[in-house]
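Everything on this sheet refers to the single structure shown next.
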Amino acid sequence: MSGLRERKKQATREALMAAALRLALERGLDNVRVEDIAAEAGVSPRTYNNYFSSKYEAIAARHADRVRASAEALRARPEGEPLWDALIEVMIQPWAQHAGDGGERPPSPERLAATRMLGGEPALRAETLRAAFASDGELVAAIAERTGTHPDRDLYPSLVAATVTAALQAGVAQWLRADPPVPLVPLLRTCLRELAAGLPGPSA
């Protein structure tokens, strides 16, 4: 019974996050209220407040979920797989899932413009940064387990987690700037592969 209850709670959380993002992209974040998100997800505002304290948190929470999913997936990768091969796969997977089409096709100009506008919201950027700090420790811990290092005493797991996160952020920023639009997932994969190769000099 507890397993079913947890799955229902997670489904509600996912529905609220999806509704918040969808409405923000359609209307602009300033034109979205918590009541609108709750109605879109088919729950009451009171239920919404049991999951998130604001519309910003509902949108930014997806970042934390991606990091946690990647950390869990890293622990499940084959033991003998090289670290960077495993990291590339587990860090890309949540982005591909959330992209809907697998992130293999360019976004429409309208969707890209709405995403750019949403990414410029100061309150949302602050909430996303807070979510990142809250979840990055889980990725550090998973890397430490994978490499036989200590998440607090050793620099390596923190350094890897920080650089991987920065590479993904750079990829998303490049995706937002791209004109004409480009697919997201191949760009993120390129970022991580370049990082894994030691960031060789730019090629022609």
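Each row is one residue, and each column tells you yes or no for (1) in the same structural domain as TRP84 (by TED's automatic domain parsing); (2) β-branched (Val, Ile, Thr); (3) touching a Ser or Thr at 6+ places or on another chain (Cβ under 7 Å); (4) part of a helix (DSSP H, G or I).
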residue	(1), (2), (3), (4)
HIS150	yes, no, no, no
ALA161	yes, no, no, yes
THR165	yes, yes, no, yes
GLN169	yes, no, no, yes
GLN174	yes, no, no, yes
VAL182	yes, yes, no, no
LEU188	yes, no, no, yes
LEU192	yes, no, no, yes
### Message
Given the criterion assigned to a helix (DSSP H, G or I), in the same structural domain as MET91 (by TED's automatic domain parsing) and small (Gly, Ala, Ser), identify the matching residue among ALA64, ALA15, ALA24.
### Response
ALA64
### Query
Can you tell me which residues in the stretch 13-40 are farther than 22 Å from ALA131 by Cα and either in contact (Cβ under 8 Å) with a residue 60 or more places away in the chain or not acidic (Asp, Glu) (or both)?
GLU26, ARG27, ASN31, ALA39
### Message
Is it the case, given these coordinates, that ALA71 is under 30 Å from ALA197 (Cβ atoms), in contact with a helix residue (DSSP H, G or I) (Cβ under 7 Å, 6 or more places away or on another chain), crowded, with 18+ Cβ neighbours inside 10 Å and of a type in the set (Gly, Ala, Ser)?
### Response
yes
### Task
Confirm whether ALA99 is small (Gly, Ala, Ser), surrounded by 14 or more Cβ atoms within 10 Å (Cβ to Cβ) and either at negative phi or touching a residue at least 24 places away in the same chain (Cβ under 8 Å) (or both).
yes
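The values are calculated or read from the model by the stated rules, or taken from the named source; none is laboratory data. Nothing here was measured: the structure is a model prediction, and the numbers come from that model. We place every Cβ from the backbone using ideal geometry, glycine too, and count neighbours over all the protein chains shown.
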